[in-house]
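What follows is a short report on a single structure.
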Amino acid sequence: MPYSIRRLVALTTVLIVTACQSSAPATSIPPTAIPTSAPRSLIGRPVHPARPNDSKVYVQLDDGRVSLVADYPAYLALAYQPNDLLYVPADQWKDAPVGMPLTRWLTGVQDQQLYFLYRGTRYPIIDEAMLVATGGMLRDVSQVPDSFLDRYPIATAPIPELSAIIAEASLVPAADSPSPLLEVRDSVGSTWRADVNRYDLVSRRYLSGRGLIRIEASGAETVITLEETVYDPLRNITALALQVRSLWIGTRFSGVLRLDLDSQTWQHFDLYNSALPDNGINALLVDPDSSLWIATRGGVARWRDGQIESFPLPDEGVLTEPLRLEIDPDSASLRVSGTYFTALLGSDGKWAIETAFTRPDLIGLASNAAQEFPLPSPTADYQAYLAAWTRPVDDNGLCIHYLASPLDDPFELRLQLSRLKKLNIKWLLVNYTSRTQLLLMAPAFKRAGITVIWRPFVRPYREYSYWSQDVMFLRTLGLPPYLQIYNEPSLGQEWQDDGRQVDQAVYFEHLFPAIQQVYEAGGFVGLQELQPEWVRLILRKLKEQGQQRVFNRLFFIPHAYGYNRPPETTDTIDSVLGFRAFANVFQEEIGFVPMMIAGEGGWRPGEQQDKRFPMVTPTLQRDYLLSVFEWFRTGTLSDGTPLPDYFFAFCPWILADPNDAAAWYDSAPGERTLITYAVSELPAFTRRFSWVSK
């Protein structure tokens, strides 16, 4: 009899979120505003079980089974949008049998080719190199009904720039994964072995495991199963452990099973009958006092005296999925570790945690001494001060704003890197919506020779606890610690998440401590404002506080949008030349103009705010942007005046976004091939400053 959805509903625990730190605003996929009763058919529809504190999303497949969507990249790959999500109370589909978690690596029952699903299209996986390059491992493969697989067309061409994506993947250390114990020997000499479902790349078939195998000392085998399908928990074992005369079994999506070896009776523990954090199990460990420790995809738990107790890990803004369990030899305490962290459980039940921000070796990076990036006094020698700012090799001033909401996804990163290299982009502004993204992206952009202005995605009314740590991580990697502090604080939409109004005083409560933290950690302090008078007030307050020393490592990030005004427009601050109004404020208040990089800007097709000029077309968008990039080749602005030495780069909005008409790639209205082709064909050049001889 199939396990009910009530018992095994949570098939994995990677929440569908775009951020993991408490300060970031991005949350789980927002459900529809009006709760919906169960429709006549939920097949193929993403549903939310409408339970408090449950961010999981499920899909009912064509065979009636209900499968959890493994993560947000998988949700997007299945071609769902946030507004597709339905509220459906779990009791209306609680009797449905459970299917495998839906990942982006799918195979069918009859069609056993392995596919990578990307934006609603299937790409055949041809070998292990391609599987790894797309961010997957064989353990991630999900088998689905062929009718569900057929919903997604097979691509008529390979993944764009596949060879570049595979090459980038080869530069990265192999992904960290659990090494589960799938064979144990009990006290009477019997061996218990897991024979699990798996995809075989050689035969290109999904092989169904036999189940749990007992091998007696005589060699006789007994095969134990609970369900005659590939969804049987005993065909999806991830870990085994022996606790006296109990055999514990961790599963991929069915929680934990306990087999009493004497009475041959079973117990089942999951999200709904215990404090187990998740039903996806990574590891099991019996400690010296015979307690059982359980590493799930959602956290750590302990079984003792018939009860399961959860031990939540601290929130460090980093993905803390526990992959390994061990008893620390020095302290005899439990040590838990994963790709980005290691944590030791104290006798008081509290964790002492280290992350890759303080231990880069956890992600295969050398723990070097933090590099210094000294700057001379701008008032003593302004030219030497500007020349000392760290710039990319063969700097051409070409920049672009990265994605609006990047994901913790290696494939997304590799795809965008291949595009940036083709465009010969040397500068980049990146807003990271989780600190895990910083760990992924910083080494990759360093390898690519791209210099990044980093911005944690945090609203002006929120505190961010990691300014100093993020700076030190960049310095340890030998990267210039360019860190933008908040974004567009005078703009109403930055305050609307909680129904707030723009409040300068609240913003200042967070801004000035953040400035000090970045500065004290040795970082470059990136100030971003839309209003010159806000800049003036901030500079005056810093002087009142006696913090003039900050000015030496301060840089400014104007947003230089042209709307529909040509690039030579000078009669309004709302133009690509409007950054000079801010330069005047700096000169008046502190006696010099700091280094500037336009972190957003450019033109959006369809805009016509200024009736004096034509609406922006894709052709005008291309021509206007090319004229701005020409500033750095010719040394002359669009109005014929010299390009100031302090203006280092221009980052138009935005590299890729399916919902943004300005995006160079992936835009629903059509990719901006006029721009991407023109920029990729620009002759190579190096930007010249006034101190460089002709």
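The values are calculated or read from the model by the stated rules, or taken from the named source; none is laboratory data. This is a predicted model, so every value here is computed, not measured. Quick reminder, even Gly has a Cβ in these numbers, built from the backbone with ideal geometry, and neighbours come from all protein chains shown.
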Entirely in region 209-285, the strands (runs of 3 or more DSSP E) that have 3 or more residues that are of a type in the set (A, V, I, L, M), at pLDDT 90 or above and in contact with a strand residue (DSSP E or B) (Cβ under 6 Å, 6 or more places away or on another chain): 211-215, 237-243, 256-260
W266 vs. criteria free of Cβ contacts under 8 Å to residues at least 60 places away in the same chain, assigned by TED's automatic domain parsing to the domain that holds S310 and surrounded by fewer than 21 Cβ atoms within 10 Å (Cβ to Cβ): yes
Tally, over region 581-609, of residues that are under 35 Å from the mean Cα position of the chain (by Cα) and charged (D, E, K, R): 3
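Kindly indicate whether any position in region 498-510 is hydroxyl-bearing (S, T, Y) and within 30 Å of D610 (Cα to Cα).
Filtering region 498-510 down to residues hydroxyl-bearing (S, T, Y) leaves 507.
Still in the list and also within 30 Å of D610 (Cα to Cα): none.
No; the residues of region 498-510 include none that is hydroxyl-bearing (S, T, Y) and within 30 Å of D610 (Cα to Cα).
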Every residue from region 644-694 that is of a type in the set (V, I, T), touching a residue at least 40 places away in the same chain (Cβ under 8 Å) and part of a loop (DSSP other than H, G, I, E, B): I654, T686
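In the set D497, D503, D574, which member is free of Cβ contacts under 8 Å to residues at least 40 places away in the same chain and surrounded by fewer than 21 Cβ atoms within 10 Å (Cβ to Cβ)? Steps first, please.
Values: D497 fails: free of Cβ contacts under 8 Å to residues at least 40 places away in the same chain; D503 fails: free of Cβ contacts under 8 Å to residues at least 40 places away in the same chain.
None of the other options fit; the residue is D574.
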Residue among V628, V585, V593 that is buried (at least 17 other Cβ atoms within 10 Å of the Cβ), at pLDDT 95 or above, assigned to a loop (DSSP other than H, G, I, E, B) and in the same structural domain as V430 (by TED's automatic domain parsing): V593
Residue in region 395-411 that is in a helix (DSSP H, G or I) and over 18 Å from the mean Cα position of the chain (by Cα) present: no
Residue selected from region 431-467 under the condition in contact with a Ser or Thr (Cβ under 6 Å, 6 or more places away or on another chain) and of a type in the set (F, W, Y), by the criterion nearest to G523 (Cα to Cα): Y464
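Answer yes or no as to whether S465 is modelled with pLDDT of 95 or more, surrounded by fewer than 18 Cβ atoms within 10 Å (Cβ to Cβ), within 21 Å of A404 (Cβ to Cβ) and of a type in the set (S, T, N, Q). It would help to see each step written out before you state the result.
Numbers: modelled with pLDDT of 95 or more: yes; surrounded by fewer than 18 Cβ atoms within 10 Å (Cβ to Cβ): yes; within 21 Å of A404 (Cβ to Cβ): no; of a type in the set (S, T, N, Q): yes.
The answer is no for S465.
Residues to consider are L106, L102, L117; find the one that is buried (at least 22 other Cβ atoms within 10 Å of the Cβ) and touching a Lys or Arg at 6+ places or on another chain (Cβ under 6 Å). Even if it seems obvious, please write down each step before you answer.
Numbers: L106 fails: touching a Lys or Arg at 6+ places or on another chain (Cβ under 6 Å); L102 fails: touching a Lys or Arg at 6+ places or on another chain (Cβ under 6 Å).
Of L106, L102, L117, the one residue that is buried (at least 22 other Cβ atoms within 10 Å of the Cβ) and touching a Lys or Arg at 6+ places or on another chain (Cβ under 6 Å) is L117.
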